[in-house]
Amino acid sequence: MPPVEPLTPHDPASLGPYALVGRLGGDVYLATAPGGGQVAARRLARPLDAPGREALARVWEAAAVGTPHILDTGRDYIVSEYVPGPSLAEEVAERGALAGPALHRLAVATATALASLHRAGLTHDAITPGRVLLGPDGPRLIGAERPVTPAWRAEESRELWQDPDEPPSAAADVFAWAAVIVYAATARPPFGENPTRVSYGAADLGPLSGVLRDLLADCLADEPGARPGAEETLLRLLGHAGALDTVLPAAAPRVVVAPRAGVSRTPPEKRSRGGAVALAAGGLALALVSGAGGYLLAPAPAPQARKAAPSPAPMPRPVAFPSPGPSPLPLAGGVLDERPGDPLRLASYRASVSADATAAFARSRDGAGFERTGGDNHVSVVSPDGRWTATIDELFVASRERLDVEFTDRGSGRRFTVPTIAAPLSAHHPAWSPDGTRLLLSLWITDGGPDDIVPFGFVVVDPATRAATVVETANDADREAFLATDPEARLGALPAFRWTPDGREVATAYLTPEGRFGVRFHDLTGRALRSFHWVGLPAGPAWFSPDGQSFVTTQCEKRHVFCVWDTTTGARRGGVPSAEGDGVIGWFDATHLLFSREKKGEYRADVIDFSGETTRTLVELDLPGDDPLVQLFFLRS
């Protein structure tokens, strides 16, 4: 970051609520946020119009690792994370060229930032050494907002870093990125100090050699179409041994085999490993530096300040059941041991009632017992406010063409159905929105045998309007890629969409090309917003914490542990030790999880603290058959 210069008499004293304390160059100021802390504030020559605000929102949504996060916007200003550190141009001028780990860190971080922007449909258009800041926690590519703010004034010429005759594009960004990395490695522009050489002269790659040299040469190709994309560039970087040695921690997180569909368990290890590492927009670099960390939850590190979407804290809602009912409360084949102070109430469940059949049950309105709501293959879920019970037949395709979701008004007992999807689609994993107004179902294509099931998307059903909205999130190419992966692994990645705690987005697991799992967030139109490539498989039906700030996964290490991650950033917060066969049902409270444990038909739901110790047993069942099924659905009391 350039040295902070004093304000001039012509500078404003503040931009919105941000008090200006110095100049960082051009239209950028060092400022103090209302709650304390330093930020960078850019003054715009004219107010943002509607297209500018929309494009700026896309910059924020990209949430690119390796770029300063946008914190706030006003009528004529943009506030972003302040990065205290020299620019790459200043560092090279003072200390000379970079090499070894420092060079690879720079290449990976900036390529990740660029790939994230491109995936969001954005280009940078002005990558230069002066726009790469070497912050204390890693490089940052600044100026991502430039294309949406025409009044943004660049003080550094771009002529040495990209062809001035080439229009802005993703390919032009890749060219400029490569030129900047060559400069970092050689301390001179790859085409010398003569701008005209950029459009016709061969690049001077100096002492660079091997895979990195080949990659940079490809990125500097004359024809834009001959250059690799930013994502391919990043993948090639990560396949370079030097880069991996640089960014992977000494004890890298390991993974285990995927579980059976719908059950978050840690079975015996068996996995085929693929080749390339897939990019997750807005976060792949975090996968490489998050490390294994401690296994007990510790206070999360102070996050980089940025303006996030509205807080993910769950919405207030009325209590679904007025009392915990008698204790222990009888269940089919077992008992429920609830206590008055418990933060959860079992609202519905599905369990085996014979060796070859299951049944669905929902809690009575007074909370004193459970009533049967459906037979084999049916699942019932109660809305958070206790108004509705929704019941679906997960295998309707065996007997009818269309799925009709049955809604029961729990006050009047009135029932009606809402038509939704038709075969060959099937619907699974019903989940109510936090405010209890919409039902979410995950959709698969089941036209064929078990090995041919592929993801499709989700449907949102509104019982008030009796309307269903189907959203496709996977296209034919996605499904072909899904079928090309290991069948044993992909079964665990069939999407089980869940509402985010604020009810504005949905999230699900996805399978990466090398056979690992990540978490992807979508808006309600199906557009992918951000992905955490490295976190593993969401654990259980209620994987978000009560405050919405964390979520829990399995398959995140080779040992038996459930990992806890930050919902906003994907940073690891810790983990909870487990044993083989343990599953997660969800969060009991802020400091305990609910584990499922089954042995020879004996099933328990245990409350587990973060050290892995059992504090009590909530549910006990004795189930028939060799392969019994249990699904428990809880609501917060």
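None of the figures in this text is laboratory data; all of them are computed from the coordinates on show. This structure is a prediction, so every number in the text was calculated from the model and none was measured. Methodologically, a virtual Cβ is constructed for each residue, glycine included, from the backbone with ideal geometry; neighbour enumeration extends over all protein chains shown.
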Item to complete: Using the Karplus curve 6.51 cos²θ - 1.76 cosθ + 1.60 with θ = phi - 60°, work out ³J(HN,Hα) for each residue of segment 165-181 in order, rounded to whole Hz, and write x for Gly and Pro.
Response: 8, 8, x, x, 6, 5, 5, 5, 4, 4, 4, 5, 4, 4, 4, 5, 5
Response to the item:
Rounded to one decimal in nm, the spacing of the 7 Å Cα→Cβ label points at D452 and R504 is 4.2
Item to complete: Just grab the label-to-label distance for E223 and A484, each label 7 Å out from Cα along the Cβ direction, in nm (one decimal).
Response: 2.4
Worksheet item: Among 481-492, 538-549, 372-383, how do they line up from the highest to the lowest mean number of other beta-carbon atoms within 10 Å?
Response: 538-549, 372-383, 481-492
Worksheet entry | Dipole-positive endmost among A93, P136, L114 within segment 76-149 (Cβ charges, Cα centre) | L114
Worksheet item: Rounded, prolate or oblate: which fits segment 420-477, taking a ≥ b ≥ c as square roots of the Cα gyration tensor eigenvalues, rounded meaning a/c under 1.5, else prolate when a/b beats b/c?
Response: prolate
Worksheet entry | Over segment 392-533 - Rg/Rh using Cα atoms and the Kirkwood inverse-distance radius | 0.98
Response to the item:
If N is the residue count of segment 1-131, its Cα Rg over 2.2 N^0.38 Å rounds to 1.13
Fill in: Set of segment 102-124 residues, backbone N closer than 18 Å to the point 7 Å along the Cα-Cβ line of R213
103-104
Practice prompt. Quick one: what are the phi-derived ³J(HN,Hα) couplings along segment 470-479, Karplus 6.51/-1.76/1.60 with θ = phi - 60°, whole Hz, x for glycine and proline?
Written response: 8, 10, 8, 10, 10, 9, 4, 5, 4, 5
Worksheet item: What nm value, rounded to one decimal, do you get for the distance between V335 and T417 when each label is placed 7 Å out toward the C-beta?
Response: 3.9
Response to the item:
Reduced to Cα centres, the span from segment 529-584 to segment 81-104 in Å works out to 35
Item to complete: Could you tell me what percent of the DSSP beta bridges with both partners in segment 567-637 are antiparallel, to the nearest 5?
Response: 100
Worksheet item: Amide H to amide H, which residues 5 or more places from A347 or on other chains are under 5 Å from it, using H placed in the peptide plane?
Response: F633, F634, L635
Worksheet item: So, in Å, what gap is there between the alpha-carbon centers of segment 440-454 and segment 165-195?
Response: 47
Discussion item. Let me check I have the definition right: for segment 376-463, take the eigenvalues of the Cα gyration tensor, multiply each by 5, take square roots. What are those semi-axes in whole Å, largest first?
Written reply: 24, 13, 10
Item to complete: Sketch the reach of a paramagnetic label on D589 as a point 7 Å from Cα along Cα-to-Cβ, and name the residues of segment 545-559 whose backbone nitrogen lies under 20 Å away.
Response: 545-552
Worksheet entry | Rounded FRET efficiency, nearest 0.05, which uses the C-beta distance separating D137 from E193 and R0 of 25 Å | 0.15
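Using the Cα atoms of segment 517-587 to build a convex hull, what is its mean projected area in square nanometres?
Details: hull surface 19.4 nm².
That works out to 4.9 nm², a quarter of the Cα hull's surface.
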Item to complete: Rounded to whole Å and sorted largest first, list the principal axis extents of the Cα atoms in segment 567-637.
Response: 43, 30, 23
